[in-house]
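The values are calculated or read from the model by the stated rules, or taken from the named source; none is laboratory data. Everything numeric here is computed off the predicted structure, so don't read it as measured data. Positions of Cβ are generated from backbone atoms using ideal geometry, with glycine treated the same way; all protein chains shown enter the neighbour counts. Only protein heavy atoms, including side chains, enter the accessible area calculation; ligands, DNA and RNA are left aside. Shrake-Rupley method; radii C 1.70, N 1.55, O 1.52, S 1.80 Å.
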Amino acid sequence: MKDLRLGVDVGGTNTDAVVVDGEGRIIVETKTATTPEPIDGIVTAITTVIDPLDDTSRLGKAMLGTTHPTNAIIRRRDLDRVGVLRLAAPSSLGVRPSANWPHDLRDLVIGHSQIIGGGFEYDGTPIAPLDEDAVRRFAGACAGDVSAVAVSCAFSPACTDHELRVAEIIEAECGTVLPVSLSHTVGSLGLLERENATILNASLLTVARRVVNGFRDTLADLGLDVESFLTQNDGTLMTVEEADRYPVLTVGSGPTNSMRGACALAGLTDGLVIDVGGTSADIGILVNGFPRESTAAVEVGGVRTNFRMPDLISVGLGGGTIVRHEGEADGGGVTVGPDSVGYRVISDAMCMGGLTLTLSDVSLAVGRLDGFGDPSLLGGVRDGTCEAAIAWVDERIEVLGERMKASSTPLPLMAVGGGAHLVPAELAGFSEVIWPPHHSVANAFGAAIAEAAGSIDKVYSYDATSREDCLRSAREEATDAAIRAGANADEVRITSVVEIPMTYVPGGGCRVIVKAVGPLAA
């Protein structure tokens, strides 16, 4: 009986893993340092949690949350060169693709770029016929110049015909060696932001292939016969096959895993969550057990996008954050971060025999952390340094919480992550501070309990039919999408319905966003 799940989450400092039983209880957990080649840390973490199991054949599913795609974008490494084709002429010739990208990223990623005839209005009416000859010429120009192609079309979420036809033509001209990312599968309404997300997705395909193959090979080498998944930005799952095609949808999965894990471990559905790692802290708010999604365009590596991302605030505050003195000994102040020793905290922190004063040292000195390092090694720290640093931490967390809350009503704060010891027991503006059981591995637990989801983001005309019929159709489409993603058809539930009237278009247009979620089918 395959009643166990394996959850793994790779962070900048630590790689965590858990094994969860059919009742949602953690039976084995581990936290190990992330390695320069992350797959090595993944192997170590998985090996550690499966060794105590009497029967590994009970493992049925394995979930991975990873920072590989995010790091590739931020570090400008291992990205593919992308050909960009926009189907929107003559309506969008004024702004070229990647016009507002950082120059270094644009030079690295953008190959042959072109805008041709095609695209639709919000109701599916064609702007112009698709220029198929231009598509063929574009495919010829891309051959040998780029590794992937990104295709975006005006209002493609309303009508996918042109994007699908372009994919057929490029495959006919170039074969399957030139993968094509289509914008309607990646982003929502908003041509430029959706186009940006699609280009980033295409640039990450090689990185994704390496992650997916590495994860699969690791599981196979360890003799585990399991279904494998990656976690998405919204706290739900995608199969490894989907992750191979849509890697950009995983870039915000780490904090989301922590938030989902925190609420499940604490037994709460609403509140704030702060995930403190070794390098940074992310704070977000939970509504009905899921992270509140950002309503604003989200920047990834300096690029404005519009795919689903949690509403988060991040700050350079973690267990490995470096604490320094500025100025002379008698008059200088204390500065905290934002740089960090990261996964080297286990060797570089003063309490571990290193030479760098970190927030883990500070937390140990003021009594918030125990069982890590030797407090006697902190004897050389100047008087008042630890108190000043921890006061900065407390103030920063209070400010972040107030910025994230939608009202002045006090809410509980759930502290998770390896650096959760930095969070004080009392904070102004919060009803209570909670450290859930197993809080240090909440991210891996969140990955292990993640569910499958489907969503729909379309413009409907309420004048053409009734509002009720439009919403019913949207709910059905979202439910079907969740089932196709692997959710149990009998347990799918609608978690959110958003209506945004489009008063600037005729015909009673309304943008409808519906999300459906359900546990994975057995």
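How many residues are open to solvent by 10 Å² or more (accessible area, probe 1.4 Å) and under 12 Å from ALA264 (Cα atoms) when one looks only at region 436-459? Before you say what the answer is, go through the steps one by one.
Step one: list which residues in region 436-459 are open to solvent by 10 Å² or more (accessible area, probe 1.4 Å), which gives 437-440, 443, 449, 451, 453, 455-459.
So of that shortlist, the ones also under 12 Å from ALA264 (Cα atoms) come out as 437-439, 443, 449.
Number of matching residues: 5.
Within region 64-77, can one find any residue that is crowded, with 21+ Cβ neighbours inside 10 Å, part of a strand (DSSP E or B) and either of a type in the set (S, T, N, Q) or touching a residue at least 12 places away in the same chain (Cβ under 8 Å) (or both)?
yes
Do we have any residue at all in region 404-419 that's modelled with pLDDT under 85, more than 21 Å from PRO310 (Cβ to Cβ) and touching a helix residue (DSSP H, G or I) at 6+ places or on another chain (Cβ under 7 Å)?
The answer is no; no qualifying residue exists.
May I ask you to list the residues in region 185-212 that are within 13 Å of ARG245 (Cβ to Cβ) and in a helix (DSSP H, G or I)?
Of all residues in region 185-212, those within 13 Å of ARG245 (Cβ to Cβ) come to 185-186, 198, 201-202, 204-209, 211-212.
Matches in region 185-212: THR185, THR198, ASN201, ALA202, LEU205, THR206, VAL207, ALA208, ARG209, VAL211, VAL212.
Identify the residue in region 87-110 that is without any contact (Cβ under 8 Å) to a residue 12 or more places away in the chain and part of a helix (DSSP H, G or I) and, among all such residues, is most open to solvent (accessible area, probe 1.4 Å).
In this case the residue turns out to be HIS103.
Answer yes or no: is there a residue in region 64-83 that is touching a helix residue (DSSP H, G or I) at 6+ places or on another chain (Cβ under 9 Å), farther than 30 Å from ILE170 by Cβ and at pLDDT below 90.
Our first condition is that a residue be touching a helix residue (DSSP H, G or I) at 6+ places or on another chain (Cβ under 9 Å); within region 64-83, this holds for 64-73, 76-83.
After this cut, where a residue has to be farther than 30 Å from ILE170 by Cβ as well, the list is 64-65, 67.
When the remaining residues are screened for being at pLDDT below 90, the result is 65, 67.
For region 64-83, residues touching a helix residue (DSSP H, G or I) at 6+ places or on another chain (Cβ under 9 Å), farther than 30 Å from ILE170 by Cβ and at pLDDT below 90: present.
From LEU413, LEU364, grab the single residue that is closer than 24 Å to ILE283 by Cα, part of a helix (DSSP H, G or I) and in contact with a Phe, Trp or Tyr (Cβ under 7 Å, 6 or more places away or on another chain).
Details: LEU413 fails: part of a helix (DSSP H, G or I).
It is LEU364.
Residues of region 143-166 being closer than 23 Å to LEU93 by Cβ, assigned to a helix (DSSP H, G or I) and open to solvent by 20 Å² or more (accessible area, probe 1.4 Å), which ones?
Kept after step one, since they are closer than 23 Å to LEU93 by Cβ, are these residues of region 143-166: 145-146, 149-163, 165-166.
Subset that is assigned to a helix (DSSP H, G or I): 161-163, 165-166.
Matches in region 143-166: ASP161, HIS162, ARG165.
On the phi > 0 side of the Ramachandran plot, open to solvent by less than 50 Å² (accessible area, probe 1.4 Å) and at pLDDT below 90 - does that describe any residue in region 461-472?
Looking only at region 461-472, we keep the residues that are on the phi > 0 side of the Ramachandran plot, and these are none.
The answer is no; no qualifying residue exists.
Results for (1) buried (at least 20 other Cβ atoms within 10 Å of the Cβ); (2) of a type in the set (S, T, N, Q); (3) under 19 Å from ASP16 (Cα atoms), shown as yes or no for each residue.
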position: ASN213; (1), (2), (3): no, yes, no
position: ASP217; (1), (2), (3): no, no, yes
position: GLY223; (1), (2), (3): no, no, no
position: PHE229; (1), (2), (3): yes, no, yes
position: ASP234; (1), (2), (3): yes, no, no
position: LEU237; (1), (2), (3): yes, no, yes
position: GLU241; (1), (2), (3): no, no, no
position: VAL248; (1), (2), (3): yes, no, no
position: GLY252; (1), (2), (3): yes, no, yes
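In region 367-382, what residues are more than 34 Å from the chain's Cα centre (by Cα) and assigned to a loop (DSSP other than H, G, I, E, B)?
Step one: of region 367-382, the residues more than 34 Å from the chain's Cα centre (by Cα) are 374-382.
The answer is ASP374, GLY379, GLY380, VAL381, ARG382.
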